[in-house]
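The values are calculated or read from the model by the stated rules, or taken from the named source; none is laboratory data. Values in this document were obtained by computation on a predicted structure and should not be read as measured data. Methodologically, a virtual Cβ is constructed for each residue, glycine included, from the backbone with ideal geometry; neighbour enumeration extends over all protein chains shown.
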Amino acid sequence: MAKSSQFPSLGRTVLCALGALWQFVLGTTQAGAVNWNSSLFQSNLTSSGAALDDSFVFELGAFDLTGGFVPTSANTDQWAVRWRPAQRNFYNPTTRLFSGYYEVTSNASPFATNEKGYIWGHHCSGQNGEWILLQSSNWKWPLVGGTNPAVAWTVGNSQTPIVGQINGSGFHMRTSAVGANPLPTISPADWRDLRFSPAEVLNPSISGWNADPDFDGMSNLLEYATGRNPRSATRVWVPLPEWQISGDSRYLKLSVPRCAYSQASMVVEVSGNLQNWYSGPGDVETLPGSGDNLMVRDLTASTGAENRFIRARITVP
Ligand SMILES: [Ca+2]
């Protein structure tokens, strides 16, 4: 009797185990989710034919369409204020890939199941933007916690981009020049989470603002402010002061690249003794920089006898 009564018990255990396994499978692969990506090792270019670099970021999201707004190539100046990002990832120039897995957390508008999703690729420039906006009439947000498989939104199954091009001769994606436009910003915390692993984020010697884990001479703070990749020394910016000559006088001048999606603030300061630094309107003049660069000159002339110094001070909110 004792022996036979064990079988139903074992059966229940097996059934329970199967049930747990099924729940695990449902929970990990079949909640409302979006797999979004480009294809590996394809040629992805800017409008001038250059390869996309590691300043490019791809964002999965939706637009606030209230008032009948529809994103077009004619209203790019309004995209940033209308954009509601769900997830973003930096482009990898080595694998030439963007990719992400996004589990939908809310179906509140503009993420309702009848509303469209988009993938917006752009880079740092707020002045000479290179953008691509991928879309498809089939890209509708999945139901939160639904039991359908994750949907796939890819360059391969997208339709004609709103700006940019896909699947052309010699390229998988090609961005378009959109000129000067606002961009969605990436907060310092989000940038850290995207550029470093969770373990690295907890390690200030790797992800701290003063750290330099790629040994390129640029601190993480400078990498964030100028739109570089803190794990790659391929696009190094070295500060090089220049002279502006005016008559018999010469003035120090500094040009610093600024990344339009960074929230870092930049102030250029001048000094005659490396002790006291000044940045007021009587001390420095901001010049029209090229592109996104901040260009500032010292208003005190440097003579042969007097040293002058110039630096950029960067802070994050
Ligand atoms: Ca660095």
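General observations
- Qualifying residue in the stretch 206-224 (condition: touching a residue at least 60 places away in the same chain (Cβ under 8 Å), surrounded by 17 or more Cβ atoms within 10 Å (Cβ to Cβ), under 26 Å from residue 291 (Cα atoms) and away from the ligand (no atom under 12 Å from the Cβ)): no
- Put simply, of 62, 108 the only residue that is more than 21 Å from residue 127 (Cβ to Cβ) and surrounded by 17 or more Cβ atoms within 10 Å (Cβ to Cβ) is 62.
- Residues that are among the small types (Gly, Ala, Ser) and either closer than 20 Å to residue 292 by Cβ or within 19 Å of the chain's Cα centre (by Cα) (or both) within the stretch 40-87 comprise 47, 48, 50, 51, 55, 61, 62, 80, 86, listed in sequence order.
- Some residue of the stretch 153-172 being within 19 Å of the chain's Cα centre (by Cα), within 16 Å of the ligand (Cβ to nearest atom) and under 23 Å from residue 95 (Cα atoms): no
- Residue check, residue 158 without any contact (Cβ under 8 Å) to a residue 40 or more places away in the chain and either within 20 Å of residue 129 (Cβ to Cβ) or assigned by TED's automatic domain parsing to the domain that holds residue 62 (or both): yes
- Whichever residue in the stretch 225-244 is among the hydroxyl-bearing types (Ser, Thr, Tyr) and over 26 Å from residue 270 (Cβ atoms) and, among such residues, is nearest to the ligand (Cβ to nearest atom): 232
- Screening residue 137 on (1) crowded, with 17+ Cβ neighbours inside 10 Å; (2) in a loop (DSSP other than H, G, I, E, B); (3) without any contact (Cβ under 8 Å) to a residue 60 or more places away in the chain shows it passes everything except condition (1).
- Taken over the stretch 107-134, residues that are assigned to a strand (DSSP E or B) and of a type outside the set (A, V, I, L, M) amount to 8.
- Residues that are touching a residue at least 60 places away in the same chain (Cβ under 8 Å), of a type outside the set (Phe, Trp, Tyr) and more than 13 Å from the ligand (Cβ to nearest atom) within the stretch 190-205 comprise 190, 194, listed in sequence order.
- Against the numbered list (1) within 12 Å of the ligand (Cβ to nearest atom); (2) in the same structural domain as residue 293 (by TED's automatic domain parsing), residue 247 comes up short only at (1).
- Set 180, 260: member being away from the ligand (no atom under 16 Å from the Cβ), in the same structural domain as residue 304 (by TED's automatic domain parsing), in contact with a strand residue (DSSP E or B) (Cβ under 9 Å, 6 or more places away or on another chain) and in contact (Cβ under 8 Å) with a residue 12 or more places away in the chain: 260
- Given (1) within 30 Å of residue 258 (Cβ to Cβ); (2) not in a strand (DSSP E or B), index of the condition residue 143 fails: (1)
- The strands (runs of 3 or more DSSP E) found wholly in the stretch 51-106 and carrying at least 2 residues that are among the polar types (S, T, N, Q) and closer than 30 Å to residue 231 by Cβ occupy 83-90.
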